[in-house]
Number of protein chains: 2
Amino acid sequence: MKPEETIDFNIRSTWHKIARMYNVQAAQHGVSMATGMVLLNIDIKEGTPSTSLGPKMGMESRSLTRTLKNLEEEKVIYREVDKEDKRKVRIFLTELGKEKREISKEKVIQFNNHLRQNLKKKELDTFFKVLGDINELIDENHIFLSGDH
Amino acid sequence: MKPEETIDFNIRSTWHKIARMYNVQAAQHGVSMATGMVLLNIDIKEGTPSTSLGPKMGMESRSLTRTLKNLEEEKVIYREVDKEDKRKVRIFLTELGKEKREISKEKVIQFNNHLRQNLKKKELDTFFKVLGDINELIDENHIFLSGDH
């Protein structure tokens, strides 16, 4: 089995292609794709608890902490102690952050609209089904249990 | 359009799920998934030119350099000047590297076999077709050109 023939290699390589594409777009607006993705996950009005950002984005807390620090320095976000629960910190968008968020959102919509216009609806449905099946098969956690390999 | 509804979010989140799964397996053998992936891309007998590893793995040269440095410290690879072209460096696997490579290969095969046994062949074919279509649509580079958005 060559790497190019594996299911994981193909998912990974398409994801990296998408990431590079978004990074080119993001760079034109002085941000990175990672920035855009964090911004999209922060609620415009209510802000978002810092602890819920990691799970939302599938990021580990160490790399999220670094990203949030960078975003604060770029003045697109700020932190505030939660009014309801003083132990929690909420992340809010600055005005600049809201602008950059809007641009990121546009890019995501443009990309997805372009794909949906050019892919067959039925095939895309199957595509989502297979992604869901793969997720379930991983969650079942039976893959590496058998001794016969 | 909620992030969970976008095509890119779903590809990314399945890729991250696969990466976490591989990382759990890799950790049991004292390596990381990134290590395993580099090892898999090095030819056991001939070694592999350092310059061709980046493109093969879709990694940027800066993060590849760091990874290779780590792998050298872990004594799974070593560098040698290319005999044919003294300006080039080839990466070779140590005996330990070959062992770890074999384990990584087994894991990839186990995962892919499990998926192929549990997914419908026809749906998987469509899945690969859609990934290919997405790659082509990105390569065409028409997505962000239009003004009407």
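The values are calculated or read from the model by the stated rules, or taken from the named source; none is laboratory data. Note that the structure is predicted; figures quoted are calculated from it, not measured. Glycine gets a Cβ as well: all are built from the backbone with ideal geometry, and neighbour counts include every protein chain shown.
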* Checking A:ASP133 against (1) more than 8 Å from chain B (Cβ to nearest Cβ); (2) part of a helix (DSSP H, G or I), which single condition isn't satisfied? -> (1)
* Structure fact -> Given the conditions (1) under 17 Å from the mean Cα position of the chain (by Cα); (2) buried (at least 16 other Cβ atoms within 10 Å of the Cβ), every one holds for B:PHE92 apart from (1)
* Asked: Taking region A:69-79 as the region of interest, how many residues are of a type in the set (D, E, K, R), in a loop (DSSP other than H, G, I, E, B) and under 20 Å from the mean Cα position of the chain (by Cα)?
  -> 1
* Structure fact -> Scanning region B:43-80 residue by residue, the ones that are more than 28 Å from A:MET21 (Cβ to Cβ) and of a type in the set (S, T, N, Q) total 1
* **Long-range neighbours under 6 Å by Cβ, at least six apart or interchain, first residue away from every other protein chain (no Cβ under 12 Å) and closer than 16 Å to A:ASP8 by Cβ within region B:20-39, second crowded, with 19+ Cβ neighbours inside 10 Å and at pLDDT below 85** => none
* **A:GLY97 vs. criteria within 18 Å of the chain's Cα centre (by Cα), part of a helix (DSSP H, G or I), more than 13 Å from chain B (Cβ to nearest Cβ) and at pLDDT 90 or above** => yes
* Among (1) under 28 Å from A:GLU140 (Cα atoms); (2) within 10 Å of another protein chain (Cβ to nearest Cβ); (3) touching a residue at least 12 places away in the same chain (Cβ under 8 Å) - the single one B:GLN110 does not satisfy -> (3)
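Yes/no matrix, rows are residues, columns are (1) modelled with pLDDT under 95; (2) among the aliphatic types (A, V, I, L, M); (3) under 19 Å from the mean Cα position of the chain (by Cα):
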| position | (1), (2), (3) |
| --- | --- |
| A:VAL81 | yes, yes, no |
| A:GLU84 | yes, no, no |
| A:ASP125 | no, no, no |
| A:ILE143 | yes, yes, no |
* Asked: Which of the residues spanning region B:113-130 are in a helix (DSSP H, G or I), more than 7 Å from every other protein chain (Cβ to nearest Cβ) and more than 18 Å from A:MET1 (Cα to Cα)?
  -> B:LYS122
* To do: Those residues that are assigned to a helix (DSSP H, G or I) and of a type in the set (Lys, Arg), I need them from region A:8-52; list them, please.
  => A:ARG12, A:LYS17, A:ARG20
* To do: Give just the number: which of (1) out of contact with any helix residue (DSSP H, G or I) (no Cβ under 7 Å at 6 or more places or on another chain); (2) hydroxyl-bearing (Ser, Thr, Tyr); (3) surrounded by 14 or more Cβ atoms within 10 Å (Cβ to Cβ) does A:SER32 not satisfy?
  => (1)
